[in-house]
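Written out below as C-alpha cells is the structure these notes cover.
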Amino acid sequence: MGRGRIEIKKIENPTNRQVTYSKRRVGIMKKANELTVLCDAEVSVVMFSNTGKFAEYCSPSTNTKSIMDRYQQVTGIDLWKDQYESTLRSLKESNHNLRKEIRQRMGEDLDELGVEELRGLEQSLDETLVHVRQRKYHVITTQTDTYKKKLKNTHETHQSLLHQLEMKDQHQGYRFVAERALSTANDATQMFAYQVHSSQQNLLELGYGSRDLSIA
C-alpha cells in the first residue's frame, strides 16, 4: 500500500514537529544544492525553527548579501529601511537628551525641572566635582613626583661632574709640581756643571769632558 496523503497543518506534538522540521530542512537544503548544480542557479535559503535555530544555504558562486542586494534592485523594496529609520530615531532621541543634559549641567534650561529633578542634578554635579578634584590631585601628585625624580637625577649628575672636575684638577696639579721639580733639578745640574780649563790637559787627555764632570 502507498503512503497516505499527509494533511498540511501545524503539528501539535512538539517532538514530532521538531523531527519533521529537521527532516524537511535537510530535504530543502538538498533540493537547493541540486538546483545550483543542475541549473547553474544562484540560490539562497534562510530558515529559523520555532526555537530560533538558524539554518541557511547559499550557492558557492555567491553569498547571501549579494542575493539580498539583487532582490532589492529587482523588486525596488528597501529591506533595511525600517531598521535604518528606527535606528536614526533612536540616535536623534539620544542626541537630544544628551544635549539637554549638557545644557542643564551648564545652568541652562532649568525652568522645566522640578524640585526632585533639581536635587538630582545638584547631586550629580557634586559627584562630578568630587571626581574632577580627585583627578586633579592625582595629576598634580604624579607631576610633582616626576619633577622630584628629575631634580634628584640632575643633582646627582651635577655632583658627579664636580667630582670628575676636582679629580682632573688634582691630576693637573700633581703634574705641574712634578714638572717644576724636574725643571729645578735640571737647572741645578747646569749650575753645578764643571768646565775643564786648558790648564787641565791631563783630564782632557783621559777623555773627560765638561758634561762628564757635572754633578747630578
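The values are calculated or read from the model by the stated rules, or taken from the named source; none is laboratory data. Because the structure is predicted, anything quoted here is derived from the model rather than measured. Virtual Cβ from ideal backbone geometry, glycine too; neighbours counted across all protein chains shown. The area values use the complete protein model at the heavy-atom level, side chains included, leaving out ligands, DNA and RNA. Shrake-Rupley method; radii C 1.70, N 1.55, O 1.52, S 1.80 Å.
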Check: Just a yes or no: is a residue in the stretch 84-101 under 27 Å from T36 (Cα atoms), of a type outside the set (F, W, Y), open to solvent by 100 Å² or more (accessible area, probe 1.4 Å) and without any contact (Cβ under 8 Å) to a residue 60 or more places away in the chain?
Finding: no
Item checked: Check on T62, over 42 Å from the mean Cα position of the chain (by Cα) and either polar (S, T, N, Q) or open to solvent by less than 70 Å² (accessible area, probe 1.4 Å) (or both) -> no
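Yes or no, residue by residue, for (1) over 44 Å from the mean Cα position of the chain (by Cα); (2) assigned to a helix (DSSP H, G or I); (3) farther than 30 Å from E112 by Cβ:
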| position | (1), (2), (3) |
| --- | --- |
| K9 | yes, no, yes |
| T20 | yes, yes, yes |
| E34 | yes, yes, yes |
| E42 | yes, no, yes |
| V46 | no, no, yes |
| N95 | no, yes, no |
| E101 | no, yes, no |
Item checked: Within the stretch 111-137, considering residues that are surrounded by fewer than 12 Cβ atoms within 10 Å (Cβ to Cβ) and of a type in the set (A, V, I, L, M), the one farthest from H96 (Cα to Cα) -> V130
Notebook entry, point to check: M47 versus (1) surrounded by 13 or more Cβ atoms within 10 Å (Cβ to Cβ); (2) farther than 24 Å from L79 by Cα; (3) aliphatic (A, V, I, L, M): which is the lone unmet condition?
Noted result: (2)
Item checked: Single match in K92, K65, K53 (criterion: more than 30 Å from K30 (Cα to Cα) and of a type in the set (D, E, K, R)) -> K92
